[in-house]
Amino acid sequence: MPRATTKAELITSANDQWAKMWKMIDTIPGGAQSVVFDFGNDSKLKEAHWNRDKNIRDVLVHLYEWHRLLLDWAAANLGGQNKPFLPEPYTWKTYGDMNVGFFEKHQSTSYDDAEKLLRDSHGSVLKLIESLSDEELFEKKHFPWTGTTNIGSYCISVAPSHYDWAMKKIKEYSKRA
């Protein structure tokens, strides 16, 4: 699917990838709650997340936390408070450490709670997208706090693109299960 350039395309893309992700999760033999990721020492799986996330719950809370980053950032800035997307002390060079923090934060979160958190935050992301015009979403530098890009790019990153990321993990697990 091509990258969204309108609000309608973004909503469709987010919902389509969301549905595909849940369809994939719902077809896991034995249920998603029982999944334990073991990707071994596969040299082609170099990114840190292959070792970080140990189950579907970890993936769900990762998605939820990135939704929260977007929602909190947009709410603050749309409300007149200047807030960076990544919380201090993190930068785009060190956000992997933040992801580890999300992982550690949710080790006692149940699968059911993770699913509820994510379903709720997905709905909130869609409400945010729906509240903005095409220009607000996709015009570069429309909002000064988006830097050289636009808020639509952030929405794509935390919703449909991140759902793609989750499906790649699940697909790789399924090939090995």
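Below is a table of values for the structure above.
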quantity	calculated
Pairs, first touching a residue at least 12 places away in the same chain (Cβ under 8 Å) in the range 11-27, second among the aromatic types (Phe, Trp, Tyr), C-beta under 6 Å, six or more apart	17/163; 18/163; 21/163
Candidate set from the range 118-151 (those that are among the acidic types (Asp, Glu) and touching a residue at least 40 places away in the same chain (Cβ under 8 Å)); member that is surrounded by the most Cβ atoms within 10 Å (Cβ to Cβ)	134
Test: residue in the range 159-168 that is among the acidic types (Asp, Glu) and open to solvent by 70 Å² or more (accessible area, probe 1.4 Å)	no
The one condition in (1) assigned to a helix (DSSP H, G or I); (2) open to solvent by 90 Å² or more (accessible area, probe 1.4 Å) that residue 67 fails to fulfil	(2)
Matching residues in the range 85-102 - criterion: being surrounded by 15 or more Cβ atoms within 10 Å (Cβ to Cβ) and within 17 Å of residue 60 (Cα to Cα)	98, 99, 102
Subset of the range 122-158 (residues that are within 25 Å of residue 21 (Cβ to Cβ) and part of a loop (DSSP other than H, G, I, E, B))	132, 149, 150
Conditions (1) in a helix (DSSP H, G or I); (2) farther than 30 Å from residue 34 by Cα; (3) of a type in the set (Ser, Thr, Tyr): number failed by residue 161	(2)
The range 1-33 - residue that is in a helix (DSSP H, G or I) and small (Gly, Ala, Ser) and, of those, nearest to residue 138 (Cα to Cα)	8
Residue list for the range 103-117, restricted to those being surrounded by fewer than 19 Cβ atoms within 10 Å (Cβ to Cβ) and outside any helix (DSSP H, G or I)	107, 108, 109, 110
Identity of the residue in the range 26-38, open to solvent by less than 60 Å² (accessible area, probe 1.4 Å) and out of contact with any Asp or Glu (no Cβ under 9 Å at 6 or more places or on another chain), that ends up modelled with the highest pLDDT	28
Residue among 41, 51, 55 that alone is modelled with pLDDT under 95, among the polar types (S, T, N, Q), surrounded by 11 or more Cβ atoms within 10 Å (Cβ to Cβ) and farther than 17 Å from residue 116 by Cα	51
Single unsatisfied condition, residue 154 versus (1) within 30 Å of residue 36 (Cβ to Cβ); (2) buried (at least 17 other Cβ atoms within 10 Å of the Cβ); (3) touching a residue at least 60 places away in the same chain (Cβ under 8 Å)	(1)
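The values are calculated or read from the model by the stated rules, or taken from the named source; none is laboratory data. Because the structure is predicted, anything quoted here is derived from the model rather than measured. Cβ sites come from the backbone with ideal geometry, for glycine too, and all protein chains shown count toward neighbours. Heads up: the accessible areas ignore ligands, DNA and RNA and are worked out on the full protein's heavy atoms, side chains in. Shrake-Rupley method; radii C 1.70, N 1.55, O 1.52, S 1.80 Å.
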